[in-house]
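Peer 1: My structure is below; once you've seen it, I'll send some questions.
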Amino acid sequence: MLGIECYPYHATIIHKRKHPKKHEFRYHSLQFSVEVGQLDKVQGNVFFAINRKALISINQKDYGNGGDARKWLRKCLLSNGFEQHIEKIYLSTFPKILGIGFNPVSFWYCFDKNKQLMAVIAEVNNTFSERKIYFISKGDEPILNGESFELPKDFYVSPFIEVSGLYSFRFYTNTDAAVQMARIELKQGENTLISTSISGKKINMNSISGLKLFISVLFLPVITLIRINVQAAKLWLKGIKLVKKE
């Protein structure tokens, strides 16, 4: 149905705050995995497209430095001392619906010729249109399923979370990428403050589920906005203090 090296996933987002007050939610959404070579083309149809208007769309200008994705990725890899040959790169991201959407995090998965995951570039966005890049790699060794990588949290993402502590990133995928998951924990001192996971199960677009998918996402932008405000209100009512952006 898509005719592009691009795969839709039924995503499940689980967010747990463990300290100082417990708070948890689980939502379902739509996620796509796109081969980087597809991002410099204008293609698709009225239902799904890359770099043009459609019901569901992904646009290269919304990622990296807003320019050529492959050039930006090459520069990003080299600037982080990564010189291994990469065969394939896939962008795992939340698309825009009718040109509207907020993408809290996207992941660039970098694979070698043996289909081993060698590096991950995480793009974290906040509601102030700011972006932070986190580079995850072990150099010439592959990243193993569930392996933990810790990086400092030095970016403002929420008025309910201080800019401090360590992020712990873990990634899980199988050989045909039918299932994939990213898990992020925020640790402050001895406490795990937040645990978030984004898991996706590949959708068969040649079935009735594909048609249902396109129908179901029509109201996703409005639903997402409501979800953000509802969860913020719940945290405020629980007495979680606000952190001012500097």
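Just so it is clear, none of the values below were taken in a lab; they were calculated from the coordinates. Here the structure is a predicted model, which means the values were calculated and not measured. Reconstructed Cβ throughout: ideal geometry from the backbone, glycine too, with neighbour counts over all protein chains shown.
Peer 1: So how strong a dipole does segment 106-246 carry about its Cα centre when Lys and Arg Cβ are +1 and Asp and Glu Cβ are -1, to the nearest 20 debye? Intermediate values should be presented prior to the final figure.
Peer 2: On the way: 18 positive and 13 negative charges, 126 e Å.
For this selection, approximately 600 debye.
Peer 1: Give the cross-link partners of residue 234 among the aspartates and glutamates, using a straight C-alpha distance below 19 Å as the criterion and excluding same-chain residues fewer than 8 apart.
Peer 2: 24, 162
Peer 1: With springs only between Cα atoms under 10 Å, which of 57, 129, 168 fluctuates most in a Gaussian network model of the chain?
Peer 2: The residue that fluctuates most here is 129.
Peer 1: Sticking with this one: Over all pairs of distinct alpha carbons, what does the Kirkwood formula give as the hydrodynamic radius of segment 100-180, in Å?
Peer 2: Details: mean 1/r = 0.0710 Å⁻¹.
Computed over Cα pairs of segment 100-180, the Kirkwood hydrodynamic radius comes out at 14.1 Å.
Peer 1: Want the number for residue 148 to residue 65: 0.36 nm per residue separation, take away the alpha-carbon distance, what's left?
Peer 2: Taking residue 148 through residue 65 to full extension adds about 27.2 nm, to one decimal.
Peer 1: Each label point is 7 Å from the Cα along the Cα-to-Cβ direction; what then is the distance between the points at residue 223 and residue 80, in nm?
Peer 2: Distance between the two pseudo-spin positions: 3.2 nm.
Peer 1: Highest mean first, what order results for 130-139, 100-109 on Cβ atoms within 10 Å?
Peer 2: On the way: 130-139: 16.2, 100-109: 18.4.
The densest-packed peptide leads the list: 100-109, 130-139.
Peer 1: So if R0 is 41 Å, what FRET efficiency would residue 230 and residue 47 give, r being the distance between their Cβ atoms, rounded to the nearest 0.05?
Peer 2: Working: r = 29 Å, r/R0 = 0.71.
That gives a FRET efficiency of 0.90.
Peer 1: Give me the distance between the Cα centres of segment 1-60 and segment 132-167, rounded to whole Å.
Peer 2: Cα centroid of segment 1-60 versus Cα centroid of segment 132-167: 21 Å apart.
Peer 1: Calculate the spin-label point distance for residue 127 paired with residue 140, positioning each point 7 Å from the Cα along the beta-carbon direction, and give it in nanometres.
Peer 2: So the two model labels end up 4.7 nm from each other.
Peer 1: Could you quote the convex hull projected area for segment 38-108, Cα atoms only and averaged over all directions, in nm²?
Peer 2: Numbers: hull surface 19.9 nm².
Result: 5.0 nm².
Peer 1: Can you list residues whose amide H is under 5 Å from residue 147's amide H, if they're 5+ apart or on another chain and H is modeled 1.01 Å from N?
Peer 2: The answer is 171.
Peer 1: Return a whole-number percent for the relative contact order of segment 1-98, with Cα pairs under 8 Å and 6 or more residues apart as the contact set. Could the numbers behind the result be given before it?
Peer 2: On the way: 152 pairs, mean separation 25.3, N = 98.
Reported relative contact order: 26 percent.
Peer 1: Roughly how big is the chain's charge dipole about its Cα centre, with Cβ charges of +1 (Lys, Arg) and -1 (Asp, Glu), in debye to the nearest 20? Provide the component values of the computation, followed by the final result.
Peer 2: Working: 34 positive and 21 negative charges, 195 e Å.
The calculated dipole for the chain is roughly 940 debye.
Peer 1: Another question, then. For each pair in 16/202; 61/96; 113/201; 18/238; 153/238; 53/96, compute the distance between the two Cα atoms and list the pairs where it is over 19 Å.
Peer 2: Details: 16/202 24 Å; 61/96 12 Å; 113/201 24 Å; 18/238 13 Å; 153/238 24 Å; 53/96 10 Å.
Beyond 19 Å between Cα atoms: 16/202; 113/201; 153/238.
Peer 1: Distance in nm between label sites at residue 188 and residue 246, each 7 Å beyond Cα in the beta-carbon direction?
Peer 2: Roughly 1.4 nm, to one decimal.
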